[in-house]
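Report on the structure given below.
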Amino acid sequence: MVTRRQREILDLLTRCHAVDFHPSPAHLSRLVGIGGEKAIRSELGRLIMEGEVNGVEAGSGNTPARYRLKGCSCPWCKPSPTLVAEP
């Protein structure tokens, strides 16, 4: 079950994905206005356990982490078609 706080985070991430923006946990905490970066990371972990976040591509340097969301239809979140090799 997703809490109100988690729903806010998911809604914000979905809106950000629509404009191809992938905020860091620190940026998310400022946008949502709850807790800090540690609180957002905890909520993201719970969302992964709930199955609402299907994958995370870790960022490095200036590249932010990217979250693959269950309910998002952006190109990053849509499952890519599997390629079948011809024998």
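The values are calculated or read from the model by the stated rules, or taken from the named source; none is laboratory data. Source: prediction; values computed, not measured. Note that we place each Cβ from the backbone using ideal geometry, even for glycine, and neighbour counts take in every protein chain shown. When the accessible area is computed, the model is the full protein with side chains, heavy atoms only, and any ligands, DNA or RNA have been set aside. Shrake-Rupley method; radii C 1.70, N 1.55, O 1.52, S 1.80 Å.
At-a-glance table
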read-out	value
Qualifying residue in region 37-51 (condition: within 17 Å of residue 77 (Cα to Cα) and among the charged types (D, E, K, R))	yes
Candidate set from region 50-61 (those that are open to solvent by 60 Å² or more (accessible area, probe 1.4 Å) and of a type outside the set (Gly, Ala, Ser)); member that is farthest from the chain's Cα centre (by Cα)	50
Restricting region 1-22 to residues that are of a type in the set (Val, Ile, Thr) and assigned to a helix (DSSP H, G or I), the residue that is farthest from residue 41 (Cα to Cα)	14
Residue 59 vs. criteria at pLDDT 90 or above and either touching a Lys or Arg at 6+ places or on another chain (Cβ under 6 Å) or not in a strand (DSSP E or B) (or both)	no
Residue within region 67-74 that is out of contact with any strand residue (DSSP E or B) (no Cβ under 8 Å at 6 or more places or on another chain), modelled with pLDDT of 85 or more and of a type in the set (Phe, Trp, Tyr) present	no
Number of the condition not met by residue 34 [criteria: (1) open to solvent by less than 70 Å² (accessible area, probe 1.4 Å); (2) in a helix (DSSP H, G or I); (3) over 18 Å from residue 76 (Cβ atoms)]	(2)
Flag for residue 64 being within 12 Å of the chain's Cα centre (by Cα), buried (at least 17 other Cβ atoms within 10 Å of the Cβ), at pLDDT below 85 and under 19 Å from residue 76 (Cα atoms)	yes
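Yes/no per residue for (1) open to solvent by 50 Å² or more (accessible area, probe 1.4 Å); (2) among the aromatic types (Phe, Trp, Tyr); (3) in contact (Cβ under 8 Å) with a residue 12 or more places away in the chain:
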residue: 9; (1), (2), (3): no, no, yes
residue: 12; (1), (2), (3): no, no, yes
residue: 18; (1), (2), (3): yes, no, yes
residue: 21; (1), (2), (3): yes, yes, no
residue: 30; (1), (2), (3): yes, no, no
residue: 39; (1), (2), (3): no, no, no
residue: 44; (1), (2), (3): no, no, yes
residue: 48; (1), (2), (3): yes, no, no
